[in-house]
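Some notes on the structure that comes next.
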Amino acid sequence: MIKARYILPIIAAGVILRVCGNGFAQPLTGKCGDGICDDFEKAHSNLCPQDCAPGKSTESSGSQWSPAAPIGRCGDAACDNFEKANPNACPEDCGGENTEVIESKGLYQCPQYAPPAPSFYENCRKQGGTVTPGGKDDKGCQSPPQCVLPGKSTESSGSQGSPAAPIGKCGDNVCDNFEKANPFACPKDCLSAGETPVAAEEPENISLGNEDSPFGFHPAIPFGMAKDMGVQWTRGAEAPYIFWDLVDPKMKGIAENFQWKSFAKRPDGGEVFTDFDNLFSAKRAGLYTLHNIDIQGAASGRSYFKSGSWLPANEEAYRAFVKEAVKRYSFIKYWQVGNEPNLKVAALGYAGFQRITYEAIKEANPDARVLIAGLAGNMDMESINDTSYESILKDLGGKYIDIFDIHFYGDAKGGSLKFKGPNGGETRLLGYRDFKAVYEYYRGILDKNGFSDVPIWITEMSTPSGTSYFGPITLVQTEAEQAGDMLKRYVYPLFLGVKKIFWAFSVMEGFGEWDDDYFDHTGLVYGNRDGVHRAGEKKFGYYAYKLMAEKLEGSDWAKTEAVKEDAANHIYAYRFIKGDEKILVAWWDYFADGSYPEEKKKQLVLNGIDAAQLRITEAVPGFSSGSEIKEGDYKESFAKDTVTVDNGKAQIWLGENPVYIEE
């Protein structure tokens, strides 16, 4: 996934980095909107104009913290160096003041608390509670967030006992309460000398959903919310891609020495704990899993590739790593080799890398299905249909790929947002109907090179809501526009022949360090990151996705057909066959129609209908925001109507929202 074409993130062992134009990873600096024009924003003047406008401070936020001290996230209950230096940047962590407070005997360092796990917010919500920022203790130190339950005392996210009880730091040689309760959170504190973390037990007798379902998320976190929406697939889980350099840092290929739980060095000198056994959580949640496997991430201090090549430096050791990963996580039947290779330095041997990984996966599990990495791009007209794979597919000769992947993004108004691209010419974001050109291009080069039987998935696709930034442009889209476009971005590719579609990035919004960019706002649940909405507040898109999955799940996808494609009037309708049911999804692209807004509706005429009447359900809730919808009767938020059929003919008026039409 590209966080923006001007700022490219790489997920490496759970670390989000910005990659500058020179290809070198640099630590994150300040936040867009903090009023400081930091070094990164100065170097990319279009990135955050509100910070770098004339009259703004040009103090570098990057100079406020030691390279060895990584910053955290606003809301993680830890007042990190950046937040200390900018006390109003995140008052919920730092309380609006430095957490080092003066006592009569000198300087007092406030204790650190564990960041709340995603399950803390989920469990709080299930109990009817509300997560609130922690208060101050008697020394003026910030306490962790707490779950306030109706009529009950608060439950702290940062403690196993008293809400104000601090935990220690990983590496202090003390196995504190949090580390005991989470045995792999810091194994070097809690494991006795010479002991190594053991494999997590693979959950058994768990019923998964519908493997044929097209409904996925990248990743489907929190899993409980994803399941409630009808999601059946996750790409990724609470673990990063599986990288050889993390599991087998010495490149020896000795299985008993593989590190499935380990600390990895960050480029800024800090450490991050990686636990690949978190992948089991996806199976426990009852989700089918697609996961990525690769040679190394951005944070490695050495190269695990052959010089100038995509091939592993030690092929035998790499094959051993891949086979062991596939065996260890045997419940994962779908594996993807790498991710967006066109973002990395051009090198030889990518077809060989795909072949080697494919062969190792198949040796460990002959029934596994292997995807080639999706390419970055397909965000705007300048990045559409990257040609990097044309020679690679030819080299592969119709082998070593079971499934092809496409990534596809854009705006919610049919690609109507125009701007000046990096090459100086006018371009525009892609609309959902641009996917036809993308699909036909990749389908064509697959067929040409012996891959005519290889299906196509979309493992990354989305559009945001709210106000977000993509390079030099500001994108403003409502919850309703995101929800309506989400439905179109599923229905249209399914009609064209795509087999699975994964909305990205995550169910709960926020992608790495929050900077209000495009990907921070694509989730369908707010994460208390924008300063406006509470954590767990569902957008229209959440309920629209849930209704879509409920109505369309179980359809015979191969029988999906176009009933109306009237480009002149911008009216489209597609029929799904679900057993004996016929379900039409129809819409009017009002934003492309010159008669709008003078004309508020357009008429769709259907013929050859056997029923006496049709039931119409709008696909987007009829409220001002998702926060107004009651969980128990969410279906009541969708406007409904009936239309009488006269001699097999029905006339249906379409407004801004797509509709379901059922007999």
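The values are calculated or read from the model by the stated rules, or taken from the named source; none is laboratory data. Keep in mind it's a predicted model, so treat the numbers as computed, not measured. Quick reminder, even Gly has a Cβ in these numbers, built from the backbone with ideal geometry, and neighbours come from all protein chains shown.
Quick one: is residue 448 surrounded by fewer than 23 Cβ atoms within 10 Å (Cβ to Cβ), over 30 Å from residue 393 (Cβ atoms) and among the basic types (Lys, Arg)? Judged against the criteria, residue 448 is not a match. Cβ-Cβ distances below 7 Å connect the following pairs, each with a first residue in segment 608-623 that is on the phi < 0 side of the Ramachandran plot and of a type in the set (D, E, K, R), a second residue that is at pLDDT 95 or above and assigned to a loop (DSSP other than H, G, I, E, B), and a separation of six or more residues or different chains: 618/638; 618/639; 618/657. When you scan segment 550-571, how many residues do you find that are without any contact (Cβ under 8 Å) to a residue 24 or more places away in the chain and either more than 21 Å from residue 216 (Cα to Cα) or touching a Pro at 6+ places or on another chain (Cβ under 8 Å) (or both)? Residues flagged as without any contact (Cβ under 8 Å) to a residue 24 or more places away in the chain and either more than 21 Å from residue 216 (Cα to Cα) or touching a Pro at 6+ places or on another chain (Cβ under 8 Å) (or both) within segment 550-571 amount to 4. Being outside the structural domain of residue 339 (by TED's automatic domain parsing) and surrounded by fewer than 24 Cβ atoms within 10 Å (Cβ to Cβ): is that true of residue 473 here? No: the conditions fail for residue 473. Going by the structure shown, is residue 253 on the phi > 0 side of the Ramachandran plot and under 20 Å from the mean Cα position of the chain (by Cα)? Here the answer is no, as residue 253 does not meet what is asked. Taking residues in segment 392-409 that are on the phi > 0 side of the Ramachandran plot, and partners anywhere that are surrounded by 20 or more Cβ atoms within 10 Å (Cβ to Cβ) and not hydrophobic (A, V, I, L, M, F, W, C), the pairs with Cβ atoms closer than 9 Å and at least 6 places apart or on different chains are 397/449; 398/449; 400/354; 400/357; 400/358. If the condition is being part of a strand (DSSP E or B) and either of a type outside the set (A, V, I, L, M) or in contact with a Cys (Cβ under 7 Å, 6 or more places away or on another chain) (or both), then segment 367-409 contributes 369, 380, 404, 405, 407, 408. Quick one: would you say residue 331 is part of a loop (DSSP other than H, G, I, E, B), of a type outside the set (A, V, I, L, M) and either more than 30 Å from residue 411 (Cα to Cα) or at pLDDT below 95 (or both)? Yes; evaluated as a whole, the condition is true for this residue. Scan segment 452-463 and tell me whether some residue there is in contact with a Lys or Arg (Cβ under 6 Å, 6 or more places away or on another chain), closer than 23 Å to residue 484 by Cβ, of a type in the set (Ser, Thr, Tyr) and modelled with pLDDT of 95 or more. Yes, segment 452-463 contains a residue that is in contact with a Lys or Arg (Cβ under 6 Å, 6 or more places away or on another chain), closer than 23 Å to residue 484 by Cβ, of a type in the set (Ser, Thr, Tyr) and modelled with pLDDT of 95 or more. When 527, 541, 531, 510 are screened for being outside any loop (DSSP other than H, G, I, E, B) and under 17 Å from residue 467 (Cα atoms), only 541 passes. Go through segment 333-350 residue by residue and tally those that are buried (at least 20 other Cβ atoms within 10 Å of the Cβ) and in contact with a helix residue (DSSP H, G or I) (Cβ under 9 Å, 6 or more places away or on another chain). Of the residues in segment 333-350, 5 are buried (at least 20 other Cβ atoms within 10 Å of the Cβ) and in contact with a helix residue (DSSP H, G or I) (Cβ under 9 Å, 6 or more places away or on another chain). Contact map, segment 257-270: residues that are farther than 17 Å from residue 241 by Cβ paired with residues that are at pLDDT below 65 and not hydrophobic (A, V, I, L, M, F, W, C), Cβ distance under 6 Å, separation 6+ or inter-chain. Pairs shown: 268/27; 268/67; 268/70; 269/67; 270/70. Residue-level analysis places residue 535 among those that are over 17 Å from residue 485 (Cα atoms) and touching a residue at least 12 places away in the same chain (Cβ under 8 Å). Residues considered: 265, 250, 261, 227. Of these, the only one that is in the same structural domain as residue 325 (by TED's automatic domain parsing), at pLDDT below 95 and under 21 Å from residue 331 (Cα atoms) is 261. Would you say residue 301 is buried (at least 21 other Cβ atoms within 10 Å of the Cβ), at pLDDT below 95 and not in a strand (DSSP E or B)? So residue 301 does not fit the description; no. Residues that are hydrophobic (A, V, I, L, M, F, W, C) and at pLDDT 95 or above were ranked within segment 520-538; the one that is surrounded by the fewest Cβ atoms within 10 Å (Cβ to Cβ) is 525. When segment 554-583 is filtered for residues that are farther than 17 Å from residue 496 by Cβ and over 29 Å from the mean Cα position of the chain (by Cα), the ones remaining, listed by number, are 566, 568, 569, 570, 571, 578, 579, 580, 581, 582, 583.
For (1) modelled with pLDDT under 95; (2) in contact with a strand residue (DSSP E or B) (Cβ under 6 Å, 6 or more places away or on another chain); (3) closer than 19 Å to residue 547 by Cα, each residue gets a yes or a no:
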{"position": "614", "(1), (2), (3)": "no, yes, yes"}
{"position": "617", "(1), (2), (3)": "no, yes, yes"}
{"position": "620", "(1), (2), (3)": "no, no, yes"}
{"position": "627", "(1), (2), (3)": "yes, no, yes"}
{"position": "632", "(1), (2), (3)": "yes, no, yes"}
{"position": "639", "(1), (2), (3)": "no, yes, yes"}
{"position": "642", "(1), (2), (3)": "no, yes, yes"}
{"position": "658", "(1), (2), (3)": "no, yes, yes"}
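Residues in segment 544-568 that are of a type in the set (A, V, I, L, M) and part of a helix (DSSP H, G or I) were compared, and the one that is surrounded by the most Cβ atoms within 10 Å (Cβ to Cβ) is 544. Restricting attention to segment 405-428, does a residue exist that is surrounded by fewer than 20 Cβ atoms within 10 Å (Cβ to Cβ), under 24 Å from the mean Cα position of the chain (by Cα) and among the β-branched types (Val, Ile, Thr)? No, that holds for no residue.
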